[in-house]
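**Q** I am attaching a structure below and will ask some questions about it afterwards.
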Number of protein chains: 2
Amino acid sequence: MSQFSPMAAQFHALVCRLQDSICSSLEAEDTARFHEDVWTRPGGGGGKTRVIENGDTFEKGGVNTSAVFGTLKGQEIEMFSKMIEAQGLAVPTLSQASFFATGISLVIHPKNPFCPTTHANYRYFELQYPGGELWWFGGGADLTPYYLFEEDAVHFHKEHQHACQASDPGYYSQFKTQCDDYFFIPHRGETRGVGGIFYDHLRQHDKSHYLALAEHCGNAFISAYIPLIQNRKHTPYTASQRDWQEIRRGRYVEFNLIYDKGTLFGLKTGGRIESILMSLPSHVQWRYDYHPAQGSAEAALLERLKNPKEYALS
Amino acid sequence: MSQFSPMAAQFHALVCRLQDSICSSLEAEDTARFHEDVWTRPGGGGGKTRVIENGDTFEKGGVNTSAVFGTLKGQEIEMFSKMIEAQGLAVPTLSQASFFATGISLVIHPKNPFCPTTHANYRYFELQYPGGELWWFGGGADLTPYYLFEEDAVHFHKEHQHACQASDPGYYSQFKTQCDDYFFIPHRGETRGVGGIFYDHLRQHDKSHYLALAEHCGNAFISAYIPLIQNRKHTPYTASQRDWQEIRRGRYVEFNLIYDKGTLFGLKTGGRIESILMSLPSHVQWRYDYHPAQGSAEAALLERLKNPKEYALS
């Protein structure tokens, strides 16, 4: 790894610290414990996949880190060329380019339908090629409730807003819009959830600026999400509320398998399948042409997902 | 529709007859009945979606027909250009081209894990553009068991082999290989099931040849599938066998949402979402890194899906 920049190791250290602190905070809300699988990638690097299943609080969740590196080859060269071109940059010669990618990716599916699902991801990528280097940062966190509690959405957004403001006062508003745009399911005409923040391909400032951004936002995840779980995890629910949760999880699966760039990229470039697909919920339902009753809490959620709104003032 | 060839109406009449006979045969095995939704497409045409849910025999199934037509526009032109180019044909000018597409598509998910899931689809497509026309036929049927019964796979294949042989002695062997190739899940290294037949873009013979092929194969579906249901629908099963069925259904979802050309094409061209996604099973599970016990019936199925074999002699 000696050819990579110091940020490679610094960002990897950050995501490992976040993995530890986030897993500890989640375990404090459950009797179940994370199980860790350490894996290595034949071409270079590897990761730590931590999964929690069948807990009293968390039905299924994963908090994964990885740091992978090597030489771009085959269809990877084509995929990265397209990715670079789409950013409006000149595409350098990528055959024999070295890449380094590290990040944390987490998805938590609670058991109680009043507890929201959440996802977060912070990542750093760099390419070294003859005559230059190219790097960018990406990240974000978003909330997917099954029942709409305005105060939960506001709390999640505000915590991330504060985190973003520590880096730049304009970030939150921009990242919030990007999140609504990214987590959109075109064939349903709905957002996946009530959003949060999303950024990608950031490289305008120096690297330490974006390391700090990921650190602020990654730390904010705990204060943004854990209180929602504490408030809702003991709320009684009915079998039909549970059914609704499983039906909505179907939309989560649709988004991740059809549209999520990270999932599809991982599957097509030979990523570790079980680490990528840990994002899928454990129990899911699809019913033909299902519509909740007019005026119901379920219909209110749908209405919101078709019409995203502001949860925090910029 | 006057500008379309007589085959447009003939093939549509065939798929409507098949829809009736197949729905009747399935209903004869269940207490539940198909519910029909008739829909129209704003740009031209429409369809009949028939869905059965929560039956004693069939947990969820759909037998759909459609006949849609209109003028290619926007990204449809690009998608069809690519599709024609991929067939090694010169791409005609498609702006303002008229298209007609009709077919039957069915997916049946039985409740009992010893009853296999099945899918079949027979379709005709034509394009009329200034100076010419282009048409092709496609179709196939395949079986997705949760437990491997050699005799069920052999029966399903042999019935379709006989149907294909009525049109051409070489078809079955070719279509069987194409089915294994098409219903393959690369990220799992498994076929979706034990296969069947699959063909697409056929245009070498005259249209009546392919109409007859679809008729033979479509009729064969009933004799190929219904006996398997009759034999297995009352077999007692355990909760863990049911779990296995739901876990395997997860693979079905992965295939349909990530790789199935028909599903993705339909979602991206504004097809009727509920008719397309009726293919998804009602109850599905994903478990992290799940592997059946060595030597178990579940492991035997997986082994077969990683190593497709011949079920009928050509």
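**Q** What is the order of A:Arg249, B:Arg33, fewest Cβ neighbours within 10 Å to most?
**A** Listing A:Arg249, B:Arg33 from fewest to most nearby Cβ atoms yields B:Arg33, A:Arg249.
**Q** Something else now. Between B:Phe149 and B:His234, with labels modelled 7 Å along Cα→Cβ, what's the label distance in nm to one decimal, could you check?
**A** 1.3 nm
**Q** For the stretch A:254-270, just list the computed ³J(HN,Hα) in residue order, Karplus coefficients 6.51, -1.76 and 1.60, θ = phi - 60°, integers in Hz, with x standing in for Gly and Pro.
**A** Once θ is set to phi - 60°, the couplings for the stretch A:254-270 become 4, 4, 5, 7, 9, 10, 5, 4, x, 4, 5, 4, x, 5, 7, 10, x Hz.
**Q** While we're here: Helix A:75-86 versus the longest principal axis of chain A: what is the Cα-based angle in degrees, 0 to 90, to the nearest 10?
**A** The answer is roughly 80 degrees.
**Q** Using the charge dipole of the stretch A:6-306 (Lys, Arg: +1 at Cβ; Asp, Glu: -1 at Cβ; taken about the Cα centre), state which of A:Ala163, A:Asn54, A:Leu267 has its Cα farthest towards the positive end.
**A** Of the options given, the answer is A:Leu267.
**Q** Taking the Cα centre as origin and putting +1 on Lys and Arg beta-carbons and -1 on Asp and Glu beta-carbons, what dipole magnitude results for the protein assembly as shown, to the nearest 20 debye?
**A** 160 debye
**Q** Counting partner chain Cβ atoms within 10 Å of every residue's Cβ in B:252-259, what's the average?
**A** Mean shielding count: 4.
**Q** Rank by packing, highest mean first: peptides A:137-145, A:184-192, B:219-227, with packing defined as the count of other Cβ atoms within 10 Å averaged across residues.
**A** By packing density, highest mean first, the sequence is A:137-145, B:219-227, A:184-192.
**Q** A further question on this structure: How high is the relative contact order of chain A, given as a whole-number percent (alpha carbon pairs under 8 Å, six or more residues apart)?
**A** Computed over chain A, the figure is 17 percent.
**Q** Between the stretch A:219-251 and the stretch B:25-40, how many Å separate their Cα centres?
**A** Cα centroid to Cα centroid, the span is 36 Å.
**Q** What are the ³J(HN,Hα) values, in whole Hz, obtained from phi via the Karplus relation 6.51 cos²θ - 1.76 cosθ + 1.60 with θ = phi - 60°, for each residue of the stretch B:224-229 in sequence order, with x given for Gly and Pro?
**A** Computed from phi, the couplings for the stretch B:224-229 are 7, 9, 4, x, 5, 5 Hz.
**Q** Could you work out how far the C-alpha centroid of the stretch A:96-145 sits from that of the stretch A:278-314, in angstrom?
**A** That distance is 24 Å.
**Q** Can you list the residues, at least 5 places off or on another chain, whose amide H is less than 5 Å from the amide H of A:Glu190, using H built in the peptide plane?
**A** Here A:Ile185 satisfy the definition.
**Q** Please average, across the residues of A:277-284, the number of beta carbons from any other chain that are within 10 Å of each residue's own beta carbon, and give a whole number. Before the final figure, lay out the partial values.
**A** On the way: counts 7, 4, 1, 8, 3, 8, 6, 11.
Whole-number average of other-chain Cβ neighbours for A:277-284 is 6.
**Q** Please get the size of the charge dipole for the stretch A:116-218, origin at its Cα centre, with Cβ charges of +1 on Lys and Arg and -1 on Asp and Glu, quoted in debye to the nearest 20.
**A** For this selection, approximately 160 debye.
**Q** Under 17 Å from a point 7 Å along the Cα-to-Cβ line of B:Asp168: which residues of the stretch B:105-129 have their amide N that close?
**A** Zone members listed by number: B:123-125.
**Q** Fewest to most neighbouring Cβ within 10 Å: what's the order for A:Lys73, B:Lys158?
**A** In order of increasing Cβ crowding within 10 Å: A:Lys73, B:Lys158.
**Q** Next question, about the same structure. Within 13 Å, Cβ to Cβ, of B:Glu159, how many net charges do the neighbouring residues add up to if Lys/Arg are +1 and Asp/Glu are -1?
**A** Net of charged neighbours comes to -1.
**Q** How would you rank A:Ile229, A:Ile258, B:Ile104, going from fewest to most other Cβ atoms within 10 Å of each one's own Cβ?
**A** Ranked by crowding around the Cβ, least crowded first: A:Ile258, A:Ile229, B:Ile104.
**Q** Could you tell me which residue out of A:Ala212, A:Ile222, A:Gln3 lies farthest along the dipole of chain A toward its positive end? Charges go on the beta carbon: Lys and Arg +1, Asp and Glu -1, centred on the Cα centre.
**A** Among A:Ala212, A:Ile222, A:Gln3, the one farthest towards the positive end of the dipole of chain A is A:Gln3.
**Q** Using Cα atoms only, what is the angle between the long axis of helix A:171-182 and the major principal axis of chain A, expressed in degrees (0 to 90) to the nearest 10?
**A** 80 degrees
**Q** Now for a separate question. Against the longest alpha carbon principal axis of chain A, how many degrees, from 0 to 90 and to the nearest 10, is the axis of helix A:6-27 turned?
**A** That helix lies at roughly 20 degrees to the long axis.
**Q** Only Lys, Arg, Asp and Glu count, each charged at its Cβ (+1, +1, -1, -1), so figure out the dipole size of the stretch A:6-306 about its Cα centre, rounded to 20 debye.
**A** Using only the charged Cβ atoms, the result is roughly 340 debye.
**Q** Got a sec? Which residues in the stretch B:241-261 would a label at B:Ala293 touch, if it sits 7 Å along Cα→Cβ and we count backbone N under 19 Å?
**A** B:241-248
No lab work stands behind these numbers, since they all come straight from the coordinates. Since the model is a prediction, treat every value here as computed from it, not as a measurement. As a convention, Cβ positions derive from the backbone with ideal geometry for all residues, glycine included, and neighbour counts pool all protein chains shown.
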